[in-house]
Structure formats: structure tokens, C-alpha cells
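The values are calculated or read from the model by the stated rules, or taken from the named source; none is laboratory data. Just so it is clear, the model here is predicted, and its values are computed rather than measured. Positions of Cβ are generated from backbone atoms using ideal geometry, with glycine treated the same way; all protein chains shown enter the neighbour counts. The accessibility values were calculated without ligands, DNA or RNA, using every heavy atom of the protein model including side chains. Shrake-Rupley method; radii C 1.70, N 1.55, O 1.52, S 1.80 Å.
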Amino acid sequence: MSKLPRSAQLYLVLIYLLGAGAAGFAVVMPAPKVDAEWWELGLYLFLAALASSKKIRLMRHRSAEDHVSLSLGYVLTCTALLRFGPSAAVLVSAFGSLTHSLFPLSKRQPTHQLLFNVSTAILETWAAGLVFLWLNHHSLILQNPGTYPAVAGFSLTYFLLNTGCVAVIVALCTGQRPLTLWRETFFWTAPSYFAGGCVSTLAILLFSSHIGFVLLLL
């Protein structure tokens, strides 16, 4: 971290503090009424550890690096939110990010990068979860079509924070303009976030009481 520009170091500290604050709020926030078995949460955590680094390529442009992909870890985070609320989604997202940063050991990330990944995972999931609850009338009940704006709000918030935080740190380290970098590099990933939210919602609407079918569809 000492080799990074001063502005990048200060930005990392800010993200760490915001992530810690979001984690604190997630711990003390009362959980909304949940219509799910809590053992399911352990299953989501296990799957998040396995799937956090797995991506599905949705479309491909002419340049190899300009493709849109869907993270399976993000889909599990969405589903955990719909089943258990923001606090549980934060736990799933942070755990998936942590395991992705630690394993495999041969590719273990530096400590400052690990903390950044976990902090942003907490921050973006917490903020997006609050947006979902606000738009869904502070309930986890999925209503057709009333829940769709809430899912879209969650997906949009998560997308902006996830890509925005990464764009800023890359720009600070390389001397580029954050907005230009975001528009040229991350803007085209937006469909994957909305696709993940839609798939999670569809799975819960179809098979909410049958966790096996939910996971099969995911």
C-alpha cells in the first residue's frame, strides 16, 4: 500500500471506514420478517465461497476484454437479500469476497486489496439492500409487479457502487479520469447486474419454498 499514490491511500482508508460502518449497521439492524429456514443461509455462504470467482460470459464484443459477464457470487447475494434481508446479504457478499481474495493461496491478494474488496462488498450490498427495502415497502414479500422496481433499484445501486469504487481506485493509481475510465471500461457490465437480479427474483417467485429448485435454477 505504501507504494500507491497518496490520494489512492487516502481513498482506500475512506473505503475501509465506510465498509466498517456499513458492517456495524448491518449487525445492529433488526431483520425484516423472514419466511425462510435459517440453515439456508449457511448453504448460501458455502456456495458463495465456491462461486465468488466464477463468471458466466453473457456477450462478447470485438475486443476480448470488452465482454459482459455475470458473477455467480452476485446472484447468490441477490437471492440471500430476497430471502433474509440486507444484513444476511452483506454476510454472504463479504464472505464470498473474502474467500475469493484468500484462495487459491498461490494467487492470494495483498492485504490492502483484500480489505478493499471486502469493504466494497459490504458497502455496496448494504446500500443496495436498503434501497430494495425502501422501494419494497420495508418488506421481503415479493409482489408482482410491485417488487420489480425494488429489484431494479437494488441492481442499479449495486452496479454503480461496485464499478464506481473500482474505477476510482484504478484511476487514482494510473492517473486517469475516473468518469472516463468508468464509462469506457465498466459501463458495459451493467446488463449482468440486472440479469442477476432478475434471475434471483424469478427463482424466488417460482420456487420460494423449495430451496433445491431455487439453487438449481440459479
**Report entry** Carbon plus sulfur fraction of accessible area for the chain, probe 1.4 Å, in percent
**Finding:** 67 percent
**Report entry** Net +/- balance of residues flanking Leu217 in space, Cβ distance below 15 Å, scoring K and R +1, D and E -1
**Finding:** 0
Report summary line: Here the gain from full extension of Thr174 to Val199, 0.36 nm per residue of separation minus their alpha-carbon distance, amounts to 5.4 nm
Query raised in the report: Based on the Kirkwood radius over alpha-carbon pairs, what value in µm²/s does the Stokes-Einstein equation return for the translational diffusion coefficient of the range 78-117 at 4 °C and 1.567 mPa s?
Result: 119 µm²/s
Query raised in the report: How do Trp126, Trp188, Trp182 stack up against each other in accessible area, from largest to smallest, with a 1.4 angstrom probe?
Result: Trp188, Trp182, Trp126
Requested in this report: State in Å² the accessible area per residue of the chain; use a 1.4 Å probe, count heavy atoms of protein chains only, and round to the nearest integer.
Outcome: 54 Å²
**Report entry** Chain lengthening between Ser7 and Leu50 when straightened (0.36 nm per residue, less Cα-Cα)
**Finding:** 12.1 nm
Query raised in the report: Angle between the Cα long axis of helix 86-102 and the longest principal axis of the chain, 0 to 90 degrees, nearest 10?
Result: 40 degrees
Requested in this report: Name the shape class, rounded, prolate or oblate, that the alpha-carbon gyration tensor gives for the range 8-55, where a ≥ b ≥ c are the square roots of its eigenvalues, rounded holds for a/c under 1.5, and otherwise prolate holds if a/b is larger than b/c and oblate otherwise.
Outcome: oblate
Query raised in the report: For the chain, modelled as a GNM with alpha-carbon contacts under 10 angstrom, which of Pro110, Pro178, Pro145 fluctuates the most?
Result: Pro145
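Based on the Cα atoms of the chain, what semi-axes does the equivalent ellipsoid have, where each is the square root of 5 times one gyration tensor eigenvalue, given in whole Å with the largest first? Don't skip to the end; give the middle numbers.
On the way: eigenvalues 160, 75, 59 Å².
Value: 28, 19, 17 Å, ordered largest first.
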Report summary line: Helix 111-135 sits off the longest principal axis of the Cα atoms of the chain, rounded to the nearest 10 on a 0 to 90 degree scale, by 40 degrees
